[in-house]
Amino acid sequence: MKFLFSSVNSVWHDYIVPLQCADIINNYWLRIVQMPRTRSTGASDDDDLLPPPPTPTELIAMLAEGQRTMAEALRTIANRDGRGPRQGPDPNQYSDFKDFLDTKPPIFKEAEEPLQADEWLNTLEQKFRLLRLTEVLKTEYASHQLHGPAGIWWSHHRSTMPANAQITWDQFKSAFRGNYIPPGLMAIKHTEFMKLT
């Protein structure tokens, strides 16, 4: 015996039907199911018998199952095609050197006063907060802003380290301050500032 209606093979399987329309759908399916079959497949009379029409409760259950199946299929398609919701920026996607240059970072050649070196570092840190950078990239980008005597100092400092050494931003700042800002100067300046207030 063949069944005329199933949740997998039905027309309703492909559409989402609001449950408020259940009475209209029930009446429609009852008329369809009760119609005599006009096509003969050549099989015996037992195969041409129609099953009893589904009850309204069964029909609503079949429609709900069809809706669940459709929602699951749509989720599967969305996930497979990569059209699902993004979970944030792609990993390993960092700001490039052009993005850094777009912030118009200052160039450092030499400091007439030690506080100019500290000001340069503070300005770069402000620029870095606008970008997505690793600690090593910060060092690479900042070192490109060292020109003249400062660039020569950095080349010499770099040559004292192992080849391909990954120098972090904190390591760079420590070396830079050690070369351009005498020890104790920041403490003296801090004390002078506190006396002003």
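The values are calculated or read from the model by the stated rules, or taken from the named source; none is laboratory data. None of these values were measured; they are calculated from a predicted model. Neighbour counts run over all protein chains shown; Cβ positions are idealised from the backbone, glycine included.
Of all residues in segment 179-197, those satisfying the criterion of being assigned to a helix (DSSP H, G or I), over 12 Å from Ala117 (Cβ atoms) and not aromatic (Phe, Trp, Tyr) are Ala187, Ile188, Lys189, His190, Thr191, Glu192, Met194, Lys195, Leu196. Of all residues in segment 127-178, those being within 20 Å of Ala117 (Cβ to Cβ) and outside any helix (DSSP H, G or I) number 7.
Only one of the numbered conditions (1) outside any loop (DSSP other than H, G, I, E, B); (2) modelled with pLDDT under 90 is not met by Thr123, and that is (2).
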